[in-house]
Amino acid sequence: MAKVTKMPGRNCRYYLKGKCAYEEMLNPGYNRDWRCRVIMDLEGEYDRLLRQAEAFRLDELAFAELWEQRIEEHLKSTVVCRRMIPREEEGFPFCAALQDEICLFELDDCEGVCERFSSGNE
């Protein structure tokens with residue numbers, strides 16, 4: 001007997017690079033576990049630097065230089081995600097698995113056409 005498989009869900013509006021983004025699109029940003037940990041760490045680092053800059057009354061140029069150094073140090077550190085897929089081009093976003101601050105590795109795999117399938121034309 002032949003094995004029956006689901007049709008691929010590539011044409012579904014919730015399909016993102018092989019992952020199902022249904023829950024994220026239903027409540028964007030609700031599940032913080034799906035957020036990119038590198039971005040969350042950088043946000044915390046930015047807030048710390050901002051407090052330090054205010055305490056030491058740094059000007060914008062000094063702040064910008066320090067921030068660039070911190071980003072560079074942070075991305076070279078071991079804190080960076082081990083699953084990160086470097087992008088070909090330089091700059092932000094720095095990971096091909098990043099979609100609107102969501103790490104695609106955290107989403108469930110798309111299992112193909114399912115009851116949630118929506119072509120976006122409905």
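When the residues of the stretch 61-84 are filtered to those that are touching a helix residue (DSSP H, G or I) at 6+ places or on another chain (Cβ under 7 Å) and modelled with pLDDT of 90 or more, which remaining residue is farthest from ALA97 (Cα to Cα)?
Residue satisfying both the conditions and the ranking: PHE63.
To keep it simple, each residue is scored yes or no on (1) modelled with pLDDT under 85; (2) surrounded by 10 or more Cβ atoms within 10 Å (Cβ to Cβ); (3) of a type in the set (A, V, I, L, M, F, W, C); (4) at positive phi.
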residue	(1), (2), (3), (4)
GLU90	yes, no, no, no
ALA96	yes, yes, yes, no
GLN99	no, yes, no, no
PHE105	no, yes, yes, no
GLU111	no, yes, no, no
SER119	yes, no, no, no
GLU122	yes, no, no, no
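Among the residues of the stretch 32-41, count how many are touching a residue at least 24 places away in the same chain (Cβ under 8 Å) and open to solvent by less than 90 Å² (accessible area, probe 1.4 Å).
6
Can you name the number of the only condition in (1) at pLDDT 85 or above; (2) over 13 Å from the mean Cα position of the chain (by Cα) that LEU16 fails?
(2)
The values are calculated or read from the model by the stated rules, or taken from the named source; none is laboratory data. Given the structure is predicted, the values throughout are model-derived calculations rather than measurements. Methodologically, a virtual Cβ is constructed for each residue, glycine included, from the backbone with ideal geometry; neighbour enumeration extends over all protein chains shown. Side chains are part of the model used for accessible areas, which takes the heavy atoms of the whole protein and leaves out ligands, DNA and RNA. Shrake-Rupley method; radii C 1.70, N 1.55, O 1.52, S 1.80 Å.
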